[in-house]
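The values are calculated or read from the model by the stated rules, or taken from the named source; none is laboratory data. Owing to the predicted nature of the structure, the values given are computational and were not obtained by experimental measurement. Glycine gets a Cβ as well: all are built from the backbone with ideal geometry, and neighbour counts include every protein chain shown. For accessibility, only protein heavy atoms count, side chains too; no ligands or nucleic acids. Shrake-Rupley method; radii C 1.70, N 1.55, O 1.52, S 1.80 Å.
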Amino acid sequence: MVLVVVMGLLFGSFLNVVIARVPAGESIVRPRSRCPHCGRQLTWYENIPVLSWLVQRARCRGCQAPISWRYPLIEVLTAALFFACQRRFGWTPELVLALVFVLLLVPLAFIDLEHWILPTELTWPGIAAGVALSVPLGMPRLIDAVLGALAGFFVFWALEWVGEKIFKKEALGAGDKDLLALIGAFLSWKALLGVIFLSSLQGAVVGSVMLLLYGRAGPAPDASPEPDARTPAEPAPADGAGEGTAEDEEDDWVPGPTNIPFGPWLSVAALEVMLLGPWLRDVLPVPMDVLLTGLR
Ligand SMILES: [Zn+2]
(Lines give C-alpha, C1' and ligand atoms only; values in the text may rest on other atoms or scores of the structure.)
Protein backbone atom coordinates (compact mmCIF):
# COMPACT_ATOMS: atom_id res chain seq x y z
CA MET A 1 0.00 0.00 0.00
CA VAL A 2 2.73 2.45 1.04
CA LEU A 3 4.75 1.27 -1.95
CA VAL A 4 1.96 2.20 -4.40
CA VAL A 5 1.53 5.66 -2.87
CA VAL A 6 5.28 6.41 -2.89
CA MET A 7 5.49 5.19 -6.50
CA GLY A 8 2.54 7.45 -7.34
CA LEU A 9 4.29 10.49 -5.82
CA LEU A 10 7.53 9.78 -7.70
CA PHE A 11 5.76 9.15 -11.02
CA GLY A 12 3.63 12.24 -10.39
CA SER A 13 6.83 14.26 -10.07
CA PHE A 14 7.93 12.89 -13.44
CA LEU A 15 4.52 13.73 -14.95
CA ASN A 16 5.11 17.37 -14.00
CA VAL A 17 8.17 17.25 -16.26
CA VAL A 18 6.11 15.61 -19.04
CA ILE A 19 3.36 18.27 -18.74
CA ALA A 20 5.87 21.12 -18.91
CA ARG A 21 8.14 19.80 -21.65
CA VAL A 22 6.14 17.68 -24.13
CA PRO A 23 3.97 20.57 -25.44
CA ALA A 24 7.17 22.62 -25.89
CA GLY A 25 8.79 19.81 -27.88
CA GLU A 26 11.57 19.38 -25.29
CA SER A 27 13.25 16.19 -24.07
CA ILE A 28 11.74 14.72 -20.91
CA VAL A 29 15.03 13.00 -19.96
CA ARG A 30 17.52 15.85 -19.97
CA PRO A 31 18.48 18.42 -18.81
CA ARG A 32 17.77 18.14 -15.09
CA SER A 33 14.82 20.11 -13.72
CA ARG A 34 15.32 23.85 -13.48
CA CYS A 35 13.40 26.70 -11.92
CA PRO A 36 11.25 28.01 -14.83
CA HIS A 37 11.80 31.55 -13.53
CA CYS A 38 15.55 31.89 -12.84
CA GLY A 39 16.80 28.76 -14.65
CA ARG A 40 18.77 27.51 -11.63
CA GLN A 41 19.23 23.73 -11.66
CA LEU A 42 17.33 21.98 -8.86
CA THR A 43 19.15 19.80 -6.33
CA TRP A 44 17.78 16.41 -5.29
CA TYR A 45 16.31 17.79 -2.08
CA GLU A 46 14.37 20.41 -4.06
CA ASN A 47 12.86 17.62 -6.15
CA ILE A 48 11.21 15.58 -3.39
CA PRO A 49 7.51 15.27 -4.26
CA VAL A 50 5.17 17.52 -2.25
CA LEU A 51 7.65 17.86 0.68
CA SER A 52 10.02 20.25 -1.12
CA TRP A 53 7.10 22.43 -2.14
CA LEU A 54 5.81 22.54 1.46
CA VAL A 55 9.23 23.10 3.07
CA GLN A 56 10.09 25.88 0.59
CA ARG A 57 6.61 27.37 1.09
CA ALA A 58 5.87 27.24 -2.64
CA ARG A 59 8.87 29.42 -3.54
CA CYS A 60 12.11 28.88 -5.46
CA ARG A 61 15.09 28.77 -3.08
CA GLY A 62 17.13 30.84 -5.52
CA CYS A 63 14.92 33.62 -6.82
CA GLN A 64 11.89 33.38 -4.46
CA ALA A 65 9.57 33.10 -7.48
CA PRO A 66 6.32 31.35 -6.56
CA ILE A 67 6.08 27.66 -7.57
CA SER A 68 2.65 26.68 -8.88
CA TRP A 69 0.37 24.56 -6.67
CA ARG A 70 -0.09 22.42 -9.78
CA TYR A 71 3.17 20.56 -9.02
CA PRO A 72 2.17 19.08 -5.64
CA LEU A 73 -1.43 18.67 -6.88
CA ILE A 74 -0.34 16.40 -9.73
CA GLU A 75 1.93 14.40 -7.38
CA VAL A 76 -0.88 13.88 -4.85
CA LEU A 77 -3.42 13.17 -7.61
CA THR A 78 -1.19 10.54 -9.23
CA ALA A 79 -0.55 8.89 -5.83
CA ALA A 80 -4.28 8.84 -5.07
CA LEU A 81 -5.09 7.29 -8.47
CA PHE A 82 -2.31 4.68 -8.03
CA PHE A 83 -3.80 3.81 -4.62
CA ALA A 84 -7.32 3.52 -6.10
CA CYS A 85 -6.03 1.29 -8.93
CA GLN A 86 -4.36 -1.06 -6.44
CA ARG A 87 -7.59 -1.28 -4.41
CA ARG A 88 -9.58 -2.01 -7.56
CA PHE A 89 -7.33 -4.61 -9.21
CA GLY A 90 -5.02 -5.97 -6.46
CA TRP A 91 -1.56 -7.20 -7.44
CA THR A 92 -2.56 -8.45 -10.90
CA PRO A 93 -1.34 -7.88 -14.48
CA GLU A 94 -4.41 -5.67 -14.89
CA LEU A 95 -2.91 -3.31 -12.26
CA VAL A 96 0.07 -2.65 -14.57
CA LEU A 97 -2.35 -1.76 -17.37
CA ALA A 98 -4.28 0.56 -15.03
CA LEU A 99 -1.17 2.34 -13.72
CA VAL A 100 0.20 2.99 -17.23
CA PHE A 101 -3.26 4.28 -18.20
CA VAL A 102 -3.12 6.77 -15.29
CA LEU A 103 0.39 7.83 -16.34
CA LEU A 104 -1.00 8.74 -19.79
CA LEU A 105 -4.35 10.30 -18.82
CA VAL A 106 -3.02 12.69 -16.14
CA PRO A 107 -0.53 14.53 -18.40
CA LEU A 108 -2.92 14.46 -21.39
CA ALA A 109 -5.72 16.03 -19.32
CA PHE A 110 -3.50 18.79 -17.91
CA ILE A 111 -1.78 19.54 -21.25
CA ASP A 112 -5.20 19.79 -22.95
CA LEU A 113 -6.44 22.12 -20.16
CA GLU A 114 -3.50 24.46 -20.62
CA HIS A 115 -2.65 24.26 -24.34
CA TRP A 116 -5.81 22.80 -25.95
CA ILE A 117 -3.78 20.00 -27.59
CA LEU A 118 -3.40 16.26 -27.05
CA PRO A 119 0.19 15.58 -28.25
CA THR A 120 0.56 12.56 -30.51
CA GLU A 121 3.91 11.93 -28.76
CA LEU A 122 1.77 10.67 -25.87
CA THR A 123 -1.38 9.33 -27.52
CA TRP A 124 0.13 7.18 -30.30
CA PRO A 125 2.67 5.27 -28.17
CA GLY A 126 -0.12 5.09 -25.57
CA ILE A 127 -2.45 3.26 -27.95
CA ALA A 128 0.36 0.76 -28.68
CA ALA A 129 1.03 0.34 -24.94
CA GLY A 130 -2.65 -0.34 -24.26
CA VAL A 131 -2.72 -3.11 -26.84
CA ALA A 132 0.66 -4.56 -25.75
CA LEU A 133 -0.24 -4.61 -22.04
CA SER A 134 -3.48 -6.46 -22.86
CA VAL A 135 -1.46 -9.45 -24.13
CA PRO A 136 -0.84 -10.91 -20.61
CA LEU A 137 -4.59 -10.66 -19.92
CA GLY A 138 -5.44 -13.26 -22.57
CA MET A 139 -6.64 -13.40 -26.15
CA PRO A 140 -10.24 -12.19 -25.58
CA ARG A 141 -8.98 -9.06 -23.80
CA LEU A 142 -6.38 -8.44 -26.53
CA ILE A 143 -9.09 -8.58 -29.19
CA ASP A 144 -11.24 -6.21 -27.08
CA ALA A 145 -8.29 -3.79 -26.87
CA VAL A 146 -7.69 -3.77 -30.65
CA LEU A 147 -11.43 -3.37 -31.27
CA GLY A 148 -11.45 -0.61 -28.64
CA ALA A 149 -8.73 1.36 -30.41
CA LEU A 150 -10.50 0.97 -33.77
CA ALA A 151 -13.90 1.81 -32.21
CA GLY A 152 -12.38 4.96 -30.69
CA PHE A 153 -11.42 6.24 -34.14
CA PHE A 154 -14.73 5.12 -35.62
CA VAL A 155 -16.86 6.74 -32.92
CA PHE A 156 -14.95 9.99 -33.42
CA TRP A 157 -15.59 9.97 -37.16
CA ALA A 158 -19.27 9.27 -36.50
CA LEU A 159 -19.52 12.16 -34.03
CA GLU A 160 -17.60 14.43 -36.40
CA TRP A 161 -19.96 13.52 -39.25
CA VAL A 162 -23.02 14.22 -37.08
CA GLY A 163 -21.51 17.54 -35.96
CA GLU A 164 -20.74 18.67 -39.50
CA LYS A 165 -23.89 17.46 -41.24
CA ILE A 166 -26.47 18.24 -38.59
CA PHE A 167 -25.04 20.94 -36.32
CA LYS A 168 -22.82 22.56 -38.97
CA LYS A 169 -19.92 22.90 -36.59
CA GLU A 170 -16.85 21.12 -35.37
CA ALA A 171 -17.65 19.48 -32.06
CA LEU A 172 -14.34 17.80 -31.29
CA GLY A 173 -10.65 18.57 -31.79
CA ALA A 174 -8.37 16.37 -33.87
CA GLY A 175 -6.56 15.04 -30.81
CA ASP A 176 -9.77 13.72 -29.26
CA LYS A 177 -9.92 10.82 -31.72
CA ASP A 178 -6.46 9.65 -30.60
CA LEU A 179 -7.51 9.92 -26.96
CA LEU A 180 -10.72 7.95 -27.62
CA ALA A 181 -8.67 5.24 -29.36
CA LEU A 182 -6.27 5.23 -26.39
CA ILE A 183 -9.15 4.81 -23.94
CA GLY A 184 -10.60 2.05 -26.13
CA ALA A 185 -7.26 0.22 -26.17
CA PHE A 186 -6.95 0.28 -22.36
CA LEU A 187 -10.59 -0.26 -21.33
CA SER A 188 -11.86 -2.23 -24.39
CA TRP A 189 -14.58 -1.13 -26.77
CA LYS A 190 -17.24 -2.09 -24.23
CA ALA A 191 -16.38 0.89 -22.02
CA LEU A 192 -16.48 3.56 -24.77
CA LEU A 193 -20.23 4.23 -24.65
CA GLY A 194 -20.08 4.89 -20.91
CA VAL A 195 -16.98 7.08 -21.28
CA ILE A 196 -18.59 9.20 -24.01
CA PHE A 197 -21.86 9.47 -22.09
CA LEU A 198 -20.26 10.44 -18.77
CA SER A 199 -17.76 12.86 -20.32
CA SER A 200 -20.46 14.64 -22.36
CA LEU A 201 -22.82 14.86 -19.39
CA GLN A 202 -20.22 16.09 -16.91
CA GLY A 203 -18.57 18.42 -19.43
CA ALA A 204 -21.93 19.95 -20.34
CA VAL A 205 -23.03 20.43 -16.72
CA VAL A 206 -19.75 21.90 -15.45
CA GLY A 207 -19.28 23.90 -18.68
CA SER A 208 -22.73 25.47 -18.30
CA VAL A 209 -22.06 26.39 -14.67
CA MET A 210 -18.68 27.88 -15.62
CA LEU A 211 -20.31 29.82 -18.46
CA LEU A 212 -22.83 31.31 -16.03
CA LEU A 213 -20.25 32.11 -13.34
CA TYR A 214 -17.21 33.19 -15.36
CA GLY A 215 -18.56 33.90 -18.84
CA ARG A 216 -16.63 31.02 -20.41
CA ALA A 217 -17.06 27.24 -20.31
CA GLY A 218 -13.38 26.30 -20.56
CA PRO A 219 -10.09 27.75 -19.36
CA ALA A 220 -8.94 30.95 -21.10
CA PRO A 221 -6.51 30.40 -23.99
CA ASP A 222 -2.87 30.87 -23.07
CA ALA A 223 -2.39 34.60 -23.74
CA SER A 224 1.22 34.97 -22.60
CA PRO A 225 3.71 34.95 -25.48
CA GLU A 226 6.39 33.41 -23.24
CA PRO A 227 6.03 29.71 -24.20
CA ASP A 228 6.21 30.53 -27.91
CA ALA A 229 9.29 32.66 -27.39
CA ARG A 230 11.03 29.78 -25.66
CA THR A 231 10.41 27.46 -28.63
CA PRO A 232 10.63 29.54 -31.81
CA ALA A 233 10.61 26.49 -34.12
CA GLU A 234 8.64 23.31 -33.47
CA PRO A 235 11.16 20.50 -33.99
CA ALA A 236 9.43 17.88 -36.13
CA PRO A 237 9.19 14.63 -34.17
CA ALA A 238 10.55 11.62 -36.05
CA ASP A 239 7.36 9.57 -35.70
CA GLY A 240 4.68 12.24 -36.20
CA ALA A 241 4.36 13.40 -39.79
CA GLY A 242 0.94 14.94 -39.11
CA GLU A 243 2.12 16.77 -36.00
CA GLY A 244 3.37 19.86 -37.79
CA THR A 245 0.15 20.54 -39.64
CA ALA A 246 -1.95 19.85 -36.55
CA GLU A 247 0.13 22.34 -34.58
CA ASP A 248 -0.17 24.95 -37.32
CA GLU A 249 -3.95 24.62 -37.34
CA GLU A 250 -4.05 24.89 -33.56
CA ASP A 251 -2.06 28.12 -33.73
CA ASP A 252 -4.72 29.86 -35.80
CA TRP A 253 -7.64 28.55 -33.79
CA VAL A 254 -8.62 30.48 -30.66
CA PRO A 255 -11.06 28.79 -28.27
CA GLY A 256 -14.30 30.75 -27.96
CA PRO A 257 -16.16 31.31 -24.69
CA THR A 258 -18.43 28.27 -25.18
CA ASN A 259 -15.63 25.88 -26.19
CA ILE A 260 -14.38 23.36 -23.65
CA PRO A 261 -11.28 21.17 -24.00
CA PHE A 262 -12.82 17.69 -24.18
CA GLY A 263 -9.68 15.71 -23.28
CA PRO A 264 -9.90 16.34 -19.52
CA TRP A 265 -13.55 15.25 -19.49
CA LEU A 266 -12.79 12.09 -21.47
CA SER A 267 -9.95 11.35 -19.02
CA VAL A 268 -12.14 11.85 -15.94
CA ALA A 269 -14.90 9.66 -17.40
CA ALA A 270 -12.40 6.92 -18.38
CA LEU A 271 -11.02 6.84 -14.81
CA GLU A 272 -14.56 6.73 -13.41
CA VAL A 273 -15.54 3.80 -15.62
CA MET A 274 -12.30 1.95 -14.79
CA LEU A 275 -12.22 2.56 -11.03
CA LEU A 276 -15.94 2.75 -10.19
CA GLY A 277 -17.14 0.22 -12.80
CA PRO A 278 -18.39 -2.51 -10.42
CA TRP A 279 -20.06 0.07 -8.17
CA LEU A 280 -21.77 1.83 -11.13
CA ARG A 281 -22.99 -1.54 -12.40
CA ASP A 282 -24.65 -2.22 -9.03
CA VAL A 283 -26.34 1.18 -8.59
CA LEU A 284 -27.47 1.91 -12.18
CA PRO A 285 -30.87 0.67 -13.48
CA VAL A 286 -30.94 -2.38 -15.74
CA PRO A 287 -30.07 -1.46 -19.32
CA MET A 288 -27.72 1.31 -18.17
CA ASP A 289 -25.58 -0.85 -15.87
CA VAL A 290 -24.10 -3.03 -18.62
CA LEU A 291 -24.16 -0.35 -21.34
CA LEU A 292 -22.24 2.26 -19.35
CA THR A 293 -19.72 0.08 -17.52
CA GLY A 294 -19.06 -2.60 -20.14
CA LEU A 295 -19.20 -5.13 -17.30
CA ARG A 296 -21.53 -8.09 -17.12
ZN1 LIG B 1 14.13 30.42 -9.34
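General observations
- Summed residue charge, Cβ within 15 Å of residue 94's Cβ, Lys/Arg positive, Asp/Glu negative: +3
- Positive minus negative residues near residue 267 (Lys, Arg vs Asp, Glu; Cβ under 13 Å): -4
- 13 Å cut-off, amide nitrogen to a point 7 angstrom out along residue 33 Cα→Cβ, residues in segment 40-58: 41-56, 58
- ³J(HN,Hα) computed for each position of segment 26-31 - Karplus, 6.51 cos²θ - 1.76 cosθ + 1.60, integer Hz, glycine/proline x: 9, 5, 8, 9, 9, x
- The longest part of the chain holding none of the exposed loop GluC sites (Glu not before Pro), meaning those outside H, G, I, E and B in DSSP with at most 15 other Cβ atoms within 10 Å, is 27-169.
- Helix screen, the chain: DSSP H segments with Cα axial length of 18 Å or more and mean Kyte-Doolittle hydropathy at least 0.5 are 2-21, 70-89, 93-115, 139-165, 174-187, 192-214, 262-283.
- Taking a sphere under 14 Å around the Cβ of residue 291 and counting the other residues whose Cβ falls inside, with K and R at +1 and D and E at -1, yields a net charge of +2.
- Separation of the residue 64 and residue 100 label points, Cα + 7 Å toward Cβ, nm: 4.7 nm
- Annotation: per residue accessible area for the chain equals 55 Å², rounded to a whole number [probe 1.4 Å, protein chains only].
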